[in-house]
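Data block below; observations after.
The values are calculated or read from the model by the stated rules, or taken from the named source; none is laboratory data. Keep in mind that what you see is a predicted model, and the values were worked out from it rather than measured. Positions of Cβ are generated from backbone atoms using ideal geometry, with glycine treated the same way; all protein chains shown enter the neighbour counts. Just the protein is used for accessible areas: all its heavy atoms, side chains included, with ligands, DNA and RNA removed. Shrake-Rupley method; radii C 1.70, N 1.55, O 1.52, S 1.80 Å.
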Amino acid sequence: MRRGANPVTLEDCTMVIFGGTGDLTKRKLAPALFNLHIEGKLPPGFSMIGVGRKEKSSNQYRSELAKAISEHSFETWDEEAWAPLAEKIDYLQADIEEPASYPRIREYIAEHNTSRNPLGNELYYLAVSPHLFPPLAENLGLEKTSHTGSFTQGWRRVMIEKPFGSNLETARSLNKALCATFDDQNIYRIDHYLGKEMLHNILVVRFINTVFEPLWNNTYIDNVQITVAENEGIGNRGSYYDRTGAMRDMIQSHLLQMLAVVAMEPPAKASLDEVINNKLSLISAVRLWPENGPARNVIFGQYEGYNQENDVKENSTTETYVALKLAIDNSRWRGVPFYLRTGKLLQEKQARVTIQFKKPAGHHSAAISAGLDVENGNLLNLLTLKMQPSEGIVFQFNIKKPASVDEIVPATMDFCQQCAFQINSPEAYELLIADAIKGEKARFSSWEEIEKAWQLIDGIYECYGLSGLKSHLYKPGTWGPAEAEDMLSAQGLQWWV
Ligand SMILES: NC(=O)c1ccc[n+]([C@@H]2O[C@H](COP(=O)([O-])OP(=O)(O)OC[C@H]3O[C@@H](n4cnc5c(N)ncnc54)[C@H](OP(=O)(O)O)[C@@H]3O)[C@@H](O)[C@H]2O)c1
C-alpha cells in the first residue's frame, strides 16, 4: 500500500539524527540501525551523523553507540560486524536552538556527503524533545532560503517523533513549519505502533478469515478492550510528561490508531489512501460513551509517588493512567462499548486488543435443560490479539470438560507467532527507518489522521471539562485505580489480561 511517488529503492543516503546522544537513539535507533546493517537492509552507501549538544569526538560517539547497541539490540553483539557500520558514523556538536548553528550543520553535512554520499540523499530524524520540533523545522527551512536556495541534489526526508503537537493548534502550527521546508510526501510522522507487525496483522485476521469477518459488528460483538500497559514509570521524562499526561501521550496516538484498525470499514482496495480514509471516518465517529456522564466514562489515575519524580510539579494532578469508555457512532458499532486503558507503572508491560463476543442466545437455559454445569456461568468467546511483549492470537471457546458428562469449560487456541515462525518480528524502529529510506509511507501517520485525532481529544476535553477531572491514586505494580475496575464491573464485565 503506497502513497506518493517516491521510488521503492534502497538509495544511498545520509541519516542525520538530531538528538543523536539521547535515550531514544541509544535504546531504539542505534540498535535498529545495527540490526538492519547485520541483515543487509541498509543501502551500501548509508552513513549517519549524530547531532547533540555535548562535546565529543566521532570515535567517542561510536564507542557510546556500541555500548548502547550491545545492551539493547536483540541481535547478538558482534564487534566485527559493527566495525564497517561504525566507520560510516560521525558526530557533530551543535546547539539546534541557535539559528547560527545551521549554516555550520549544513556545511558539515555537505562535507560528509562529498566523501560518503555523492547522491546527496538526506534523511533527518528529529529525536529531540518536542519543544525543539518547531524551531528545528523552521531553522532547517531558513537555511534553505538563506543559503543555496535548494539543499542538495538528492531527496530530503524527515522523520518526526511523536508527540506531534500537544493539541490541535500546536499540531497545526508544527505541521505548517514542517511543510514550509518539506513536501508532505517527504514528512514521515512516527507512531511507532504502526511499525508493529501485529497491528497490520489485525487487518488480515479481520478481513481474510471467513470465521471472523461476518461477525465483526454489533450483532455479535459485546465489547472491545484495548490495553497498552507499561511497567515502568516516567523515568527522566518528567518535564515533558507532566505537561502531557496519558491521554495526550498515548490515547491520541497509539490507542486511537489501534482502535481505528480494529473498527474501520474494510477498504475496497488495498490502497494506502483508502485505508487512511476509512481510519479517518472511523475516528470522526468516535464519541465518549453518551450515558452516565464523563466521570463514569473517563477514569484518570496517578501512581503513588509520581509527585516525587524529577521535574514533576508539586501536587501535580497529571494523569499517568487513563481508562475510557467510547462509542462509535455508526451502524456497524452502535451500542458496542470500546474500553481503552493505558498507564505507567502497571503490573506488566502489555499491548493487546480483546474482542468479547456476545453470549449465545438462551445459552443458560439451553445448557441447564441439557443438564450441563456451566463453570462460573462463563460461556464467553474471546479473541485476543497480542502485540506486546510477545505477539500472537488467542481464541477462547467452550468445550465439554473431558471425562465429564455435564460440565462446560473454556478452552483456548493459542497462536504464538514466534513459536510458529521461529523469527522475532523486526523491531518497529527497524521497519520504520527502512521504510523511510525506501520512501514507503504505509507505516506512518498521515497529517489528516493526526489532525482528526487531536480534534477528537480536544473535543472530549472541551465538551466534558476533563481538565478538572480528579486523578485517582493507584499503587505501582497494580492494574490501575479501583475506579477503572468499577467502570466495567458496573456493567457485569471485567478487564481481560
Ligand atoms: N526515549 C524513548 O523511548 C522515546 C519513545 C518514543 C518517543 N520518544 C520521543 O523521542 C524524542 C527524544 O526523546 P529522548 O527520550 O531520546 O530524549 P533525551 O534522552 O532527553 O535526549 C534528547 C536529545 O536531544 C539533544 N538536545 C537537546 N537539546 C538540544 C539542543 N539545544 N541542541 C542539540 N541537541 C539537543 C540531546 O543532546 P545532549 O545529550 O548532547 O544534550 C539529546 O541527544 C522525544 O520527542 C520523545 O518524545 C522517545
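For the chain, the Cα gyration tensor yields ellipsoid semi-axes of 43, 25, 22 Å (square root of five times each eigenvalue, largest first, whole Å). Between residue 67 and residue 406, the modelled label-to-label distance comes to 6.9 nm, taking each label 7 Å out from Cα in the direction of the beta carbon. Only the Cβ atoms of Lys and Arg (+1) and of Asp and Glu (-1) were treated as charged; on that basis the dipole of the chain about its Cα centre amounts to roughly 740 debye.
A 1.4 Å probe over all protein chains sorts 196, 313, 349, 176 by accessible area into 176, 313, 349, 196, starting with the largest. A Förster distance of 41 Å, applied to the separation of the beta-carbon atoms of residue 100 and residue 314, puts the FRET efficiency at 0.65.
If you bin all the Cα-Cα distances of the range 259-354 at 10 Å, starting from zero, the percentages per bin are 14, 33, 29, 18, 6, 0. Surface listing: 157, 172 arranged by accessible area from highest to lowest gives 172, 157, probe 1.4 Å. The apolar share of the surface of the chain, taken as the fraction of accessible area on carbon and sulfur atoms (1.4 Å probe, ligands and nucleic acids excluded), comes to 50 percent. The per residue volume of the convex hull around the alpha-carbon atoms of the range 1-119 is 137 Å³. Its DSSP H runs of at least 4 residues, each contributing -39,500 (n - 2.57), put the calculated 222 nm mean residue ellipticity of the chain at -10000 deg cm²/dmol, to the nearest 500. Its residue count N sets the reference 2.2 N^0.38 Å, and the alpha-carbon radius of gyration of the range 175-312 equals 1.28 times that reference. At a probe radius of 1.4 angstrom, the accessible area of the range 377-497 per residue rounds to 47 square angstrom. Over 27 Å apart at the Cα level, from the set 28/349; 196/438; 41/279, are 41/279. Taking 4.7 Å between beta carbons as the limit, the unpaired Cys residues of the chain are 13, 179, 463. The radius of gyration of the Cα set in the range 87-142, together with its Dmax, comes out at 12.0, 33 angstrom.
Rounded, prolate or oblate, given the Cα gyration tensor of the range 400-482, with a/c below 1.5 counting as rounded? Because a/c hits 1.5 or more and a/b fails to exceed b/c, the range 400-482 counts as oblate.
Using the 1.4 Å probe convention, the accessible area of the range 184-286 works out to 34 Å² per residue with neighbouring protein chains retained. Modelled spin labels at residue 491 and residue 212, positioned 7 Å past Cα toward Cβ, are 2.1 nm from each other.
Modelled spin-label separation between residue 332 and residue 462, with each label point placed 7 Å from Cα along the Cα-to-Cβ direction: 2.8 nm. Relative contact order for the chain: 18 percent, from Cα pairs under 8 Å spaced at least 6 residues apart, divided by residue count.
Debye-formula intensities of the range 196-247, expressed as log10 I(q)/I(0) at q = 0.20, 0.22, 0.23 Å⁻¹, are -0.83, -0.91, -0.95 (one equal scatterer per alpha-carbon, no solvent).
The residues of the range 52-117 expose, per residue, 57 Å² of accessible area to a 1.4 Å probe.
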